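Below is one structure, written out as structure tokens; comments come after it.
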């Protein structure tokens with residue numbers, strides 16, 4: 001371990017093997033964090049380890065979000081009954097290779113990793129009512145075979161466009177493959193206009209997959225309530241702002257909105273769908 | 001963190017030429033042109049993952065096929081009497097938000113490059129980059145040479161179109177070389193290895209441009225081939241420099257006439273003959289650069305649209 005870079009165990013869970021689920025806090029629409037927090041709460045997962053931020057994160061001050069000072073964290077939770085280790089972390093700003101290897105080292109210090117899943121949101125130009133599938137990228141043909149048994153899109157062809165960089169999840173998959181750990185990145189498409197307000201349909205779909213994959217037995221009806229509440233809010237908003245309905249109908253029928261319409265849609269949703277706002 | 005060598009050839013009195021991306025990619029284009037023209041063979045690489053974030057992911061049919069990192073490769077070429085090792089990097093190991101290498105990673109990389117140089121018995125290292133100068137793009141770029149030992153100065157004075165920092169008015173032999181071009185010189189000095197940074201002049205008003213400046217690369221290449229005693233066909237780089245100059249002329253022609261008038265004064269400055277009435281004040285310089293910056297920002301936006 002390099003000088004100044006370390007981690008601390010609070011306990012050492014006893015497991016023969018585990019599946020590792022990873023999410024990044026800076027994720028699109030907070031999908032990963034929303035899903036992981038829900039699962040952790042329902043499974044009563046226990047925090048057992050934390051990576052110290054020094055060397056990986058900017059420590060020249062703190063970021064303030066929703067009026068609250070934040071601090072970078074990389075926390076490891078465990079649910080022995082379900083053989084799960086769950087990592088909830090900010091994305092490091094330096095030493096990515098070292099960080100990703102440390103993440104796997106810490107988990108393997110507990111038990112061998114059977115498989116690895118990252119969870120993330122993906123911005124799309126679809127309507128929130130459009131049926132969506134989780135999209136999966138595997139790091140090996142074996143993992144691809146496993147994934148093909150589920151209701152997932154597993155035929156993605158993609159190359160990072162010029163001027164952009166691969167995601168940290170792709171990087172983690174690559175590091176895992178070098179260590180002979182099979183893994184998959186799961187991407188849930190999210191309508192661009194719900195990135196700020198949140199998308200309970202996307203959360204439900206993702207938890208549903210994890211429920212099925214790991215036999216978690218978690219109640220997902222809470223998301224139906226959230227979906228219902230969001231639908232009602234959007235309906236009230238459509239009554240108040242008549243153009244909104246037209247925007248959503250266009251998206252539902254795969255018609256692209258103009259840049260101006262996109263902007264207006266995002267503005268309305270952000271303004272009126274926030275947690276504390278009622279249209 | 002390490003070096004991966006594909007082969008270990010016996011090299012005779014090798015010198016190492018290192019380059020990275022930088023302003024106008026002046027050094028990179030010069031050294032890489034030399035490597036290509038001499039058809040140098042791959043020698044090895046510095047494993048990139050400790051230094052760089054990947055550039056690209058390739059996914060096919062839902063499977064991650066590859067993750068591509070910036071390349072940092074060594075090449076070698078046997079020439080008459082003096083063999084060459086090239087180190088060509090696609091990125092500098094910069095801290096987040098910075099363009100040039102600095103900090104622990106940069107120091108580690110400089111040492112890894114020198115480890116290879118020492119392994120093959122290199123006695124001298126060259127780095128190459130751009131020197132931002134009060135010159136005009138129609139002028140022949142001079143080459144600034146900065147050695148890491150005073151014993152090298154007499155030799156450098158003997159090369160065509162080559163100047164030392166002390167030859168540049170107002171500098172008094174002092175200056176700063178940013179990024180790995182400079183760092184490698186310093187680290188080489190502490191390890192007792194001769195090193196020289198060869199920099200082609202780029203006009204001050206082109207420094208922020210997102211474009212290559214092959215005219216300066218050509219000047220660097222002329223000096224490097226002279227120092228190394230190798231001969232290459234210069235027609236490619238000459239053609240490239242001519243095409244680039246035409247494009248700069250075209251953009252220059254669209255500048256506001258006042259900005260052009262001011263920039264034209266640089267033709268005199270670069271000849272080190274500044275008359276009282278033609279001198280550029282700090283205020284002039286700021287106005288010129290603001291004008292140019294505004295102009296080219298507009299141009300880039302139009303390209304994007």
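Estimated from the Cβ-Cβ distance and a Förster radius of 22 angstrom, the FRET efficiency linking residue A:59 and residue A:270 is about 0.10.
Sorted ascending by nearby beta carbons within 10 Å, beginning with the fewest, B:135, A:258, B:178, A:118 become A:258, B:178, B:135, A:118. For the protein assembly as shown, the equivalent ellipsoid derived from the alpha-carbon gyration tensor has semi-axes of 52, 32, 20 Å in decreasing order. For the stretch A:7-219, relative contact order (Cα pairs under 8 Å, six or more residues apart, normalised by length) works out to 27 percent. With a 10 Å cut-off around each Cβ of B:61-74, the average count of Cβ atoms from other chains is 6. A crude spin-label estimate for the pair residue A:145 and residue A:7, with each label 7 Å from Cα along the Cβ direction, gives 3.0 nm. Here chain A carries DSSP beta bridges of which approximately 45% are antiparallel, counting only pairs with both residues inside. Across the stretch A:50-123, Cα pairs under 8 Å and at least six residues apart give a relative contact order of 25 percent. Taken residue by residue and averaged, Cβ atoms of other chains lying within 10 Å of the Cβ of A:139-149 number 2.
May I ask for the angle, rounded to the nearest 10°, between helix A:168-178 and the longest principal axis of chain A, with both axes built from Cα atoms and the value confined to 0 to 90°? Orientation of helix A:168-178: about 30 degrees from the principal axis.
Going from the fewest other Cβ atoms within 10 Å to the most, the residues B:5, A:63, A:104 appear in the order A:63, B:5, A:104.
Centre-to-centre separation between the Cα atoms of the stretch B:88-167 and those of the stretch B:194-265: 17 Å.
For chain A, the longest principal axis of the alpha carbon atoms and the long axis of helix A:200-214 meet at an angle near 30°.
Could you give the nm distance between label points at residue A:155 and residue A:17, where each point is 7 Å from its Cα heading toward the beta carbon? A separation of 3.0 nm, rounded to one decimal place.
In terms of surrounding Cβ atoms within a 10 Å radius of their Cβ, A:169, B:151, A:238 rank from fewest to most as B:151, A:238, A:169. A Förster distance of 22 Å, applied to the separation of the beta-carbon atoms of residue A:250 and residue A:164, puts the FRET efficiency at 0.20. How far is helix A:259-272 tilted off the main Cα axis of chain A, in degrees rounded to 10, range 0 to 90? Roughly 80 degrees, rounded to the nearest 10. Taking each residue as 0.36 nm, the span from residue B:138 to residue B:236 lengthens on full extension beyond its C-alpha to C-alpha distance by 33.4 nm. For the residues of A:156-168, the average number of beta carbons from a partner chain within 10 Å of their own beta carbon is 5.
Values in this text are rule-based calculations from the coordinates and carry no lab data. Please read these numbers as outputs of a predicted model, since none were measured by experiment. Note that we place each Cβ from the backbone using ideal geometry, even for glycine, and neighbour counts take in every protein chain shown.
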